[in-house]
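Heads up: the structure comes next, in structure tokens.
Just so it is clear, none of the values below were taken in a lab; they were calculated from the coordinates. Values in this document were obtained by computation on a predicted structure and should not be read as measured data. Virtual Cβ from ideal backbone geometry, glycine too; neighbours counted across all protein chains shown.
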Amino acid sequence: MLVRDRMTTNVITVSPETPIREALALMRRRHIRRLPVLQEGELVGIVTWTDLMRAQPSAMTSLSRWEIPVLLEKAQVREVMTPRPRVVAPDIPLEEAAMMMRLQKIGGLPVVQKGVLLGIVTESDIFDAFIALLGAPLPSYRVTVEVNDTAAALPDVTAAVRVLGLRLYSLATYPGEKGRLRVVLRVEPAIPLLSLVEGLKEHGLHTIHATGGTQFLQTAQAPG
């Protein structure tokens, strides 16, 4: 999955001269938390909801109630935006964008190609992609088995599901204990969950967790 597969296009933008009050109103109206800042079509910054809220006068300010509206009307996005923001290309893997956001502690990245803003990818897009990759929106069983960390293990898992006559919606892996591999499956719920677990066991696959609908099964510990 690439950034272009999950980025938001038709991005709402502002200019450096946009009043802060107007930018805040735009974010509220469109339910967004960041705005790329363009000047003559070129990306020059990004401003977030947090940036704009920090620009608001404190409750402890000495300004009068007549002075505050005038101050807010004059204050512009350029005063609080992050200039020269980090950007990402549309054709890089989505996980690279996620790692960049994590390392930089930022919630979104403008997507730029040849100097042109194509879209924006945010933490919400990353969450949605994660959910889709794991097949969570589909009615299904979620089963975790633990196998030896070898290239031959995954074909064994998929073959077992195929023999049971079930459709495999998704498959993901992560490291288990003692050098083993944990495989998370989303499987068509066409047979009872216990029958699925028993069928996997017949193929030498130990289930450490299984759930789906109102059915739940969990073992305390995988064999050493």
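Just the residues that are among the hydroxyl-bearing types (Ser, Thr, Tyr) and either part of a strand (DSSP E or B) or farther than 16 Å from Leu117 by Cβ (or both), please, taken from the stretch 1-17.
Listed by number, the list holds a single entry, Thr8.
Once the stretch 1-30 is narrowed to residues that are of a type outside the set (A, V, I, L, M) and within 13 Å of Val121 (Cα to Cα), the residue that is surrounded by the most Cβ atoms within 10 Å (Cβ to Cβ) is Arg6.
Among residues belonging to the stretch 127-156 that are farther than 21 Å from Leu193 by Cα and acidic (Asp, Glu), point out the one that is farthest from the chain's Cα centre (by Cα). Step by step, filter the stretch 127-156, then rank; the result is Asp149.
Could you tell me which residue of the stretch 98-114 is farthest from Val37 (Cα to Cα), considering only residues that are crowded, with 17+ Cβ neighbours inside 10 Å and aliphatic (A, V, I, L, M)?
Residues of the stretch 98-114 crowded, with 17+ Cβ neighbours inside 10 Å: 98, 101, 106, 108-112.
Remaining after also requiring aliphatic (A, V, I, L, M): 98, 101, 106, 109, 111-112.
Values: Ala98: 22, Met101: 19, Ile106: 16, Leu109: 12, Val111: 13, Val112: 13 Å.
Once the filter is applied, the top-ranked residue is Ala98.
Just to be sure, is Val111 closer than 23 Å to His209 by Cα, part of a strand (DSSP E or B) and aliphatic (A, V, I, L, M)?
On the way: closer than 23 Å to His209 by Cα: no; part of a strand (DSSP E or B): yes; aliphatic (A, V, I, L, M): yes.
No: the conditions fail for Val111.
Within the stretch 119-130, the set of residues being surrounded by fewer than 19 Cβ atoms within 10 Å (Cβ to Cβ), within 18 Å of Leu35 (Cα to Cα) and among the acidic types (Asp, Glu) comprises Glu123 only.
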